[in-house]
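Working notes for the structure below.
Please treat every number below as a calculation from the coordinates, not as lab data. None of these values were measured; they are calculated from a predicted model. Neighbour counts are summed over all protein chains in view; Cβ atoms, including those assigned to glycine, are modelled from backbone coordinates with ideal geometry.
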Amino acid sequence: MTTEHQEQEKSYDSGDSTLKFVTRQDDITLDDDPDTLRAEMSCGHAVTPQSLTAWCRSLLDQGQYDFRCPALKDGTVQKCEARWSYQEVRKLAVLTATEQQHFEETMAALAAAEYCEFKTCPGCQSYVEREDMSNLCVLCTVCTAEKQRCFQFCWQCLQSWTGPAPRSDRCDSDGCTSRDLQLLQSCPSTTLPQVENAGACPSIRACPTCGLLLEHDRSGCKNLLCQRCKVEFCFLCLKLTPICLKSSSYYLPCSNGVACRQTSIPAWNRN
Ligand SMILES: [Zn+2]
Ligand SMILES: [Zn+2]
Ligand SMILES: [Zn+2]
Ligand SMILES: [Zn+2]
Ligand SMILES: [Zn+2]
């Protein structure tokens with residue numbers, strides 16, 4: 001069976017009370033076959049699994065992972081442009097397992113390619129990009145050329161580098177500590193009410209893929225889609241969602257229980 005064929009087969013479960021079904025035309029394709037079940041997106045525009053899948057797939061093909069509504073606002077030539085979350089797209093496009101994998105891998109690759117981190121060099125105030133995300137010791141090429149000796153500074157405390165390198169936690173300057181690490185260590189515990197018997201977990205987690213600090217809003221399932229790297233992970237066991245789901249489900253405790261408080265921040269490996 002080809003992917004196209006599977007897409008033909010996708011349809012909504014008419015008994016799903018979390019969706020709002022409508023009979024008016026599809027706002028993406030303008031198809032108005034009265035026998036097709038369509039659902040409303042959060043912006044109010046009507047789609048089918050096929051039209052939504054095709055539109056979002058075409059966005060990904062153009063290198064775009066910000067899913068925005070292409071429909072025209074009522075009676076105008078202005079586009080709606082409302083932003084849909086990936087979770088919303090996944091649900092209303094009824095993405096198959098193969099499609100989910102394609103979407104998630106493409107989104108993660110696009111986010112990684114786009115990401116770069118800049119800070120101001122304490123020596124010359126020019127913007128420096130960090131190449132090795134696991135090393136706080138960064139060389140400024142401008143200062144090095146000017147001073148005719150190697151000038152390195154600390155990405156965390158923004159003072160000139162002291163002590164051995166490479167290091168990922170701190171330099172030897174007094175007061176060089178990671179605010180993020182302190183937060184991970186000292187944030188209060190919380191529970192996820194929708195996951196029964198899961199127990200307590202820290203209220204802040206560092207994304208296991210890119211290290212961004214994230215908080216769970218305590219609604220919905222235990223998984224979070226990281227807004228920076230676009231990789232979804234389990235807030236309880238800190239494994240990537242597909243791995244956690246192999247031996248658990250969205251609303252059940254994880255097979256390995258809740259992961260301990262993190263003691264280091266993962267560096268984003270973009271390769
Ligand atoms: Zn819309
Ligand atoms: Zn500099
Ligand atoms: Zn430092
Ligand atoms: Zn991330
Ligand atoms: Zn898990």
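Could you state, as a whole-number percent, how many of the C-alpha pairs of region 116-177 are farther apart than 15 Å?
In whole percent, the share of Cα-Cα pairs in region 116-177 beyond 15 Å is 44.
Using 7 Å Cα-to-Cβ label points, what is the R130/T177 separation (nm, one decimal)?
1.8 nm
I'd like the FRET efficiency for D66 and Q194, computed as 1/(1 + (r/R0)^6) with the beta carbon distance as r and R0 of 30 Å, rounded to 0.05.
In this case the efficiency is close to 0.65.
Please list 171-178, 130-137 highest first by mean number of surrounding beta-carbon atoms within 10 Å per residue.
130-137, 171-178
What is the projected area of the convex hull of the Cα atoms of region 180-245, averaged over all directions, in nm²?
Result: 4.2 nm².
Compute the helix-to-body angle for 49-61: its Cα long axis versus the longest principal axis of the chain, expressed 0 to 90° and rounded to tens.
Taking the Cα atoms of the chain, the angle to 49-61 is about 30 degrees.
Within the chain, what is the number of lysine pairs with alpha carbons under 15 Å apart, leaving out pairs fewer than eight places apart on the same chain?
5
Please compute the alpha carbon radius of gyration of the chain, then divide it by the globular-protein estimate 2.2 N^0.38 Å. Two decimals is fine.
1.25
Just the isolated ones, please: cysteines in the chain lacking another cysteine beta carbon under 4.7 angstrom.
That list is C43, C56, C116, C124, C137, C150, C187, C201, C221, C260.
Let's test the formula: R0 of 45 Å, r as the Cβ-Cβ distance of N256 and Q148. What FRET efficiency results, to the nearest 0.05?
That pair, N256 with Q148, gives E of 0.25.
With n ≥ 4 as the cut-off for DSSP H runs, can you work out [θ] at 222 nm for the chain, using -39500 (n - 2.57) per run divided by the number of residues, rounded to the nearest 500?
-7000 deg cm²/dmol
Which value, to two decimals, describes the C-alpha radius of gyration of region 142-271 once divided by 2.2 N^0.38 Å?
Ratio of Cα Rg to 2.2 N^0.38 Å: 1.31.
I need the semi-axes of the equivalent ellipsoid of region 3-113: take the C-alpha gyration tensor, multiply each eigenvalue by 5, square-root it, list largest first in whole angstrom.
After diagonalising the Cα gyration tensor, the semi-axes are 22, 18, 12 Å.
What length, rounded to one decimal in nm, is gained on full extension from S17 through to Q78, with 0.36 nm per residue of separation minus their alpha-carbon distance?
18.9 nm
Between S249 and E114, what is 0.36 nm times their sequence separation minus the Cα-Cα distance? Round to one decimal in nm.
Between S249 and E114, full extension yields 45.4 nm more.
Between region 112-139 and region 195-271, what's the alpha-carbon centroid distance in Å?
What the calculation gives is 27 Å, centre to centre.
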